[in-house]
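Enquirer: First, the structure itself, so that you have it in front of you.
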Amino acid sequence: MAEVHGEQSFWRKYIFSIDHKIIGIQYGITALFFLLFGFILMMIMRWQLAYPEQPVPIIGWLLGEEGILLPEVYNSLGAMHGTIMVFLGIVPLSVGAFGNYFVPLQIGAPDMTFPKLNMASYWFYFLGGIVMLASFFVPGGAANSGWTSYPPLAVIATMGQTMWLVGMVFLITSSLLGAVNFITTIIQLRVKGLTWMRLPFFVWSQLVTAFLLLLAFPPLEAAGVMQLMDRLAGTSFFLPSGLVVSGQVLEVTGGGSPLLWQHLFWFLAHPEVYVLILPAMGIVAEVLATNIRKPLWGYRAMVYSAVFLGFMSFIVWAHHMFLTGMGTTLSGFFQTTTMIISIPSVIILTAFLLSLWGGSIRFTTPMLFALGFIPMFGLGGLTGLPLGLAPADIHLHDTYYVIAHFHYMVAPGTIFALFAGVYHWFPKITGRRMNETLGKIHFWGSFVCMNGIFMPMFAQGMAGISRRLWDGGISYQFAQDAGVLWSNELISISAWVLFLFQIPFVYNLIRSIKGGEIVDDNPWEATTLEWAAPSPPPHGNFTEPLTVYRPAYEYSVPGAVKDFLPQHQPEEG
Amino acid sequence: METIPYTVTPREDTGLINAKLGIWLFLASEVMLFGGLFSAYIFLRLGAVSWPEGSSILNVPIGTFNTLVLIGSSVTMVLSWAALAEKRFDRFRLYLGLTMLLSLLFLVVKGFEYSEKFSHHLYPASSSFMAIYFTLTGLHALHIIGGLVVNGYLWGPGSKMWASDPERFTNRVEIAGLYWHFVDLVWIFLFPVLYLL
């Protein structure tokens, strides 16, 4: 492509760049900002839960004269926390940032197949983010019907919900462009010799993720269009006949079904769960393999599991809907598929665990985060099983137990993996290493606080505390005897201390860009192709044509001189 | 190592150029989008107390006419690509121009149908049937407009590529054609579902 050559203006190089690495960094910075923003929303909510109806310190002036978090604002913060963390934080960081930067590098490609679409993908994401942020300032505030936007509540909600839907359309467009790009890149641009079973597991995880994004998001877009029609054109896709709101029968044609939304929403949102976790598993696989100095145990089984996970994730969605009265036949089907889908996750996790056996482990900061991921993800996964079975789910549905379960997957699970990725790949992006001491403080502090937040929630949930209410409502009275209400304060304090432990990370990240220890192109002595490029990789990535000679993780090969054999190295030497 | 490979010549083991794989993936995603709306149609219809017969509300002859217009545009689209394969640029322009005229005709007829409904006070809010009718056909019309923009570009400013890189330009027309046939195909599903069933 002619336009990628030669001198480029500042705008073309750093703002409207079509280089996958710059776009990856743009995604990364924006997503980290949104992660922080979503976290701040939750810290405000935790004040209300720990100290109900007392003025919020520091930012209380934003919330009105008395500085108290009002119920309607609480609902907005809750809905936007979920939306921002999932759609603007974690997915853009794991797919948009890490995927964009490292998939082309790991397959030895000069860039993505469609660099301009790649740029468009980022800017659609950016626009979606702006719309979501702007929605806080419209009358009635941001969307307040939960991140799931269930109708009829969402249809009759304030204008923030319309903004939410418009924002989602931008985000879905962004992910569509990204997904097409990832799949074609991985299929078409693998360098010579890089056969499917030689791909790093990270690339496999991104491939499956891209298929999920490609095929699961459009039904939500369809549902979003219908909800927009309901809100703006007065249709009744999701409004049943004779709906009564505040004692008044709503004047609509009716005949719609709120359940239709739930089906379409969860048809996206269950695969979305695997969109959140698969790239994280990919990062953990890379970090583990590098730091155990031996091949991953069961690489093929992991690949097949990831692909199977992808297929299965399309037929488990209604396990989110056991309480809708959909009948035992349907429940039976979805319980069965849900139990089946837990198998590949267990296989992958077991492979990680067995990989450690007999390894000479290097306890670097990225490795600590990757090791932290394993038990945390295991805990999240196992506690999910009761939720997949209708009889247990009926009790636990919509309680803090559910919050604890999926946060163990995505907070100390996925986010730890993302931190591992930042520490692991930082030397490739900048040519410098991040500070190890600060990294270890970051890890241990976060590890303790994460458990301080989510472990007590299991108990709260089993005591029946509702996950959505500003004041716990009647569920607080029920939970009184169980003696779990005091832990609200513990959870909140853990959340705020967790924030403090992110300060060394942010300091470390910014400081190391210019002040970190300078390292060579392959500081971790890793085998995959991204380490064959200079740090940072120039435009076009590699200085000379590559050929791949061996599988991804050839560590400690018997008889070899060094304990690692890079994929592109022709002969032992 | 700066240029992206397989933009013009297919990769050996996959037999594909990048853009062709890309458009098929995009169309798969589109299938899921319209699939979501079609399943909403089925869901609502199965749950409805009564559902009107499409032909009692919609004008079947006009719908049939529009179906033929769209099928015709698909044929001219293929002919325009075939003309490029025979290096007949003038014929390409003629056939692609015809495709665009036919798609414009489709939109005009659709607009006429819409305004007739509005004049009978039939709006999306009137019933579940009208809601799904306007949503499905409206989204389809947006896809027609999208196709018009792409084809307009290839007919006008984009056709400069014929002089510099004819093979790549032919590929572009083929890929725009794949999209266009998909839009046509969606209508071929929409027409019986909404007008006849």
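The values are calculated or read from the model by the stated rules, or taken from the named source; none is laboratory data. Quantities reported herein were computed from a predicted structural model and do not represent experimental measurements. Cβ coordinates were reconstructed from backbone atoms using ideal geometry, including for glycine residues, and neighbour counts include every protein chain displayed. Ligands, DNA and RNA are stripped out before the accessible areas are found, and what is left, the full protein with its side chains, is counted by its heavy atoms. Shrake-Rupley method; radii C 1.70, N 1.55, O 1.52, S 1.80 Å.
Enquirer: State the number of residues belonging to segment A:211-256 that are open to solvent by 20 Å² or more (accessible area, probe 1.4 Å), part of a loop (DSSP other than H, G, I, E, B) and free of Cβ contacts under 8 Å to residues at least 60 places away in the same chain.
Expert: 10
Enquirer: Separate question: Could you go through segment A:268-279 and let me know if any residue there is open to solvent by less than 10 Å² (accessible area, probe 1.4 Å), acidic (Asp, Glu) and more than 27 Å from A:THR527 (Cβ to Cβ).
Expert: Yes, the conditions are met somewhere in segment A:268-279.
Enquirer: Moving on. Need at least 2 residues that are of a type outside the set (Phe, Trp, Tyr), surrounded by 14 or more Cβ atoms within 10 Å (Cβ to Cβ) and within 10 Å of another protein chain (Cβ to nearest Cβ) per element, so show me which helices (runs of 4 or more DSSP H) inside segment B:1-87 make the cut, counting only ones lying wholly within it.
Expert: B:18-47
Enquirer: Another question, if that's okay. In the set A:PHE102, A:PHE126, which member is farther than 14 Å from A:GLY167 by Cα and modelled with pLDDT of 95 or more? Break it down into steps so the answer makes sense when it comes.
Expert: Numbers: A:PHE126 fails: farther than 14 Å from A:GLY167 by Cα.
Answer to the check: A:PHE102.
Enquirer: Examine segment A:172-185 for a residue that is under 18 Å from A:MET302 (Cα atoms), in contact with a helix residue (DSSP H, G or I) (Cβ under 7 Å, 6 or more places away or on another chain) and buried (at least 24 other Cβ atoms within 10 Å of the Cβ), and state whether such a residue exists.
Expert: So in segment A:172-185, the residues under 18 Å from A:MET302 (Cα atoms) come out as none.
Within segment A:172-185 (the criterion being under 18 Å from A:MET302 (Cα atoms), in contact with a helix residue (DSSP H, G or I) (Cβ under 7 Å, 6 or more places away or on another chain) and buried (at least 24 other Cβ atoms within 10 Å of the Cβ)), the answer is no, since none of the residues qualifies.
Here's the yes/no breakdown for (1) of a type outside the set (A, V, I, L, M, F, W, C); (2) free of Cβ contacts under 8 Å to residues at least 12 places away in the same chain; (3) over 30 Å from B:ILE17 (Cβ atoms):
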site	(1), (2), (3)
B:TYR133	yes, no, yes
B:PRO157	yes, yes, no
B:SER164	yes, yes, no
B:THR170	yes, no, no
B:VAL186	no, no, no
B:VAL193	no, no, yes
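Enquirer: Right, something else. Within the set of pairs 6+ apart or on separate chains, which have a first residue in segment A:23-43 that is free of Cβ contacts under 8 Å to residues at least 40 places away in the same chain and more than 16 Å from A:ILE503 (Cβ to Cβ), a second that is crowded, with 19+ Cβ neighbours inside 10 Å and of a type in the set (A, V, I, L, M, F, W, C), and C-beta atoms under 8 Å apart?
Expert: That search, which allows pairs on different chains as well, returns nothing.
Enquirer: Which of the residues spanning segment A:257-267 are open to solvent by 10 Å² or more (accessible area, probe 1.4 Å) and either of a type in the set (S, T, N, Q) or within 12 Å of chain B (Cβ to nearest Cβ) (or both)? Please lay out each step first, then the result.
Expert: Pass one, segment A:257-267, residues open to solvent by 10 Å² or more (accessible area, probe 1.4 Å): A:257-259, A:262-264, A:266-267.
Hits for segment A:257-267 are A:SER257, A:PRO258, A:LEU259, A:GLN262, A:HIS263, A:LEU264, A:PHE267.
Enquirer: While we're here: Is it the case that segment A:139-157 has a residue that's away from chain B (no Cβ under 11 Å), open to solvent by less than 10 Å² (accessible area, probe 1.4 Å), over 26 Å from A:PHE311 (Cα atoms) and in contact with a strand residue (DSSP E or B) (Cβ under 6 Å, 6 or more places away or on another chain)?
Expert: no
Enquirer: Among the residues in segment A:20-43, are any within 14 Å of chain B (Cβ to nearest Cβ) and either touching a Lys or Arg at 6+ places or on another chain (Cβ under 8 Å) or of a type outside the set (A, V, I, L, M) (or both)?
Expert: Going through segment A:20-43, the residues within 14 Å of chain B (Cβ to nearest Cβ) turn out to be A:20-21.
Now narrow it down to the ones that are either touching a Lys or Arg at 6+ places or on another chain (Cβ under 8 Å) or of a type outside the set (A, V, I, L, M) (or both): A:20-21.
The answer is yes, given that some residue of segment A:20-43 is within 14 Å of chain B (Cβ to nearest Cβ) and either touching a Lys or Arg at 6+ places or on another chain (Cβ under 8 Å) or of a type outside the set (A, V, I, L, M) (or both).
Enquirer: With respect to A:PRO139, determine if the residue is in contact with a Leu (Cβ under 6 Å, 6 or more places away or on another chain), in contact (Cβ under 8 Å) with a residue 12 or more places away in the chain and in a loop (DSSP other than H, G, I, E, B). Lay out the reasoning, then the answer.
Expert: Details: in contact with a Leu (Cβ under 6 Å, 6 or more places away or on another chain): no; in contact (Cβ under 8 Å) with a residue 12 or more places away in the chain: yes; in a loop (DSSP other than H, G, I, E, B): yes.
Taking the combined requirement at face value, the residue does not satisfy it.
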